[in-house]
1. What is the number of the single condition among (1) surrounded by fewer than 16 Cβ atoms within 10 Å (Cβ to Cβ); (2) under 22 Å from PHE210 (Cα atoms) that VAL79 does not meet?
2. Please find, within the range 100-119, the residue that is nearest to SER66 (Cα to Cα) out of those that are open to solvent by 40 Å² or more (accessible area, probe 1.4 Å) and among the aliphatic types (A, V, I, L, M).
3. Restricting the search to the range 193-208, which residues are surrounded by fewer than 16 Cβ atoms within 10 Å (Cβ to Cβ) and without any contact (Cβ under 8 Å) to a residue 12 or more places away in the chain?
4. Have a look at ARG189, ARG184 and point out the one that is open to solvent by 30 Å² or more (accessible area, probe 1.4 Å), in a helix (DSSP H, G or I), among the basic types (Lys, Arg) and at pLDDT 85 or above.
5. Under the condition of being in a helix (DSSP H, G or I) and free of Cβ contacts under 8 Å to residues at least 12 places away in the same chain, which residue from the range 63-88 is farthest from VAL194 (Cα to Cα)?
6. Would you mind telling me which numbered condition in (1) assigned to a helix (DSSP H, G or I); (2) surrounded by 15 or more Cβ atoms within 10 Å (Cβ to Cβ); (3) not small (Gly, Ala, Ser) ASN122 fails?
7. Within the range 84-97, restricting attention to residues that are over 20 Å from PHE147 (Cβ atoms) and open to solvent by 80 Å² or more (accessible area, probe 1.4 Å), which residue is modelled with the highest pLDDT?
Amino acid sequence: MLVSGRRRLLLLYTSFVVLSLLTLPSDGSSNSTEELNQSRNKTGHPLELTPRTAFQLKLHALFHWSSFGLLMPVGILLVRMSSKSKSGRCNRVLFYCHVISQIAAVLLATGGAALSLMNFENSFSNSHQRVGLALYGFMWLQPIIGFFRAERGVKGRSLWFFFHWLLGIAICATGIANVYSGLRTYHERTAKSVSLWTGLLTVEISFLAFFYLLIDRCSYMIKQGRLPVEQLRPNDNRRTYPTTLRKELVMVQE
């Protein structure tokens, strides 16, 4: 039953990829690309974008920000939380939330890629475009690896988990770096300030990174307010007390 479900999901993914490729123009260009090229000033002055092209650029940035800068990191946090949870039901809920968030992230990133390929100039002459192209390939490889995960207790489970975790972290980190690169490229070509958006992205990523570290230490911090079990149990017919309390008892006895 589980294998059948995975096959359906894989078929759905494959169908979406095929449909995405079929909808792309064969020449890789469109009216927006011509508008962008026509607006390029040969003297090196900033580009004057048409409203349509400016809207498509902002939509492209929004899709990738939401995908690589929000949903993918949140998916990683959900898996981290599930590893710390002791409730089977909670683990299942967190796992399915992880799957949903990652599928949404892949779909949004694919939408941003389709916007770029259909409407913008794609000479792949800068690092932002080249890194983005590589990300699209690995981004679709990751969920396929996830669908074919080995069952717990199987010998290859540890190896599968390592590659799935490593690839997920690498895609997420590279995607975030490419969002920063895209903001910088937009500033260089249009001379418009992106300080606000760069700052907001930095604050968001910093918060998510802090929360990721907090998950690992949260249970440890909670335990700091409790006495160890050994100190509450009799030992050699005597009760073991905390160090400060023992000193007070000795002073009273003296």
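The values are calculated or read from the model by the stated rules, or taken from the named source; none is laboratory data. Treat the numbers as computed from the prediction; the structure is a model and nothing was measured. Every residue, glycine among them, receives a Cβ derived from its backbone with ideal geometry; neighbour counts consider all protein chains shown. Just so you know, the surface numbers come from the protein's heavy atoms only, side chains and all, with ligands and any DNA or RNA stripped out. Shrake-Rupley method; radii C 1.70, N 1.55, O 1.52, S 1.80 Å.
1. Unmet condition: (1).
2. Pass one, the range 100-119, residues open to solvent by 40 Å² or more (accessible area, probe 1.4 Å): 100, 102-103, 107-108, 117-118.
Within this subset, residues satisfying the condition of being among the aliphatic types (A, V, I, L, M) are 100, 103, 107-108, 117-118.
Values: ILE100: 14, ILE103: 12, LEU107: 11, LEU108: 7, LEU117: 19, MET118: 20 Å.
Per the stated criteria, the residue is LEU108.
3. Within the range 193-208, SER193, SER195, LEU196, GLY199, LEU200, THR202, VAL203, SER206, PHE207 qualify.
4. Numbers: ARG189 fails: at pLDDT 85 or above.
Going through ARG189, ARG184 in turn, the sole match is ARG184.
5. Kept after step one, since they are in a helix (DSSP H, G or I), are these residues of the range 63-88: 63-84, 88.
Going one step further and asking which of them are free of Cβ contacts under 8 Å to residues at least 12 places away in the same chain, we end up with 83, 88.
On the way: SER83: 38, GLY88: 44 Å.
Applying the filter and picking the extreme gives GLY88.
6. Tallying (1) assigned to a helix (DSSP H, G or I); (2) surrounded by 15 or more Cβ atoms within 10 Å (Cβ to Cβ); (3) not small (Gly, Ala, Ser), ASN122 fails exactly one: (1).
7. As a first pass, look at the range 84-97 and keep what is over 20 Å from PHE147 (Cβ atoms): 84-90.
From the residues that got through so far, the ones that are open to solvent by 80 Å² or more (accessible area, probe 1.4 Å) too are 84, 86, 89.
On the way: LYS84: 77, LYS86: 77, ARG89: 85.
Only one residue tops the list, namely ARG89.
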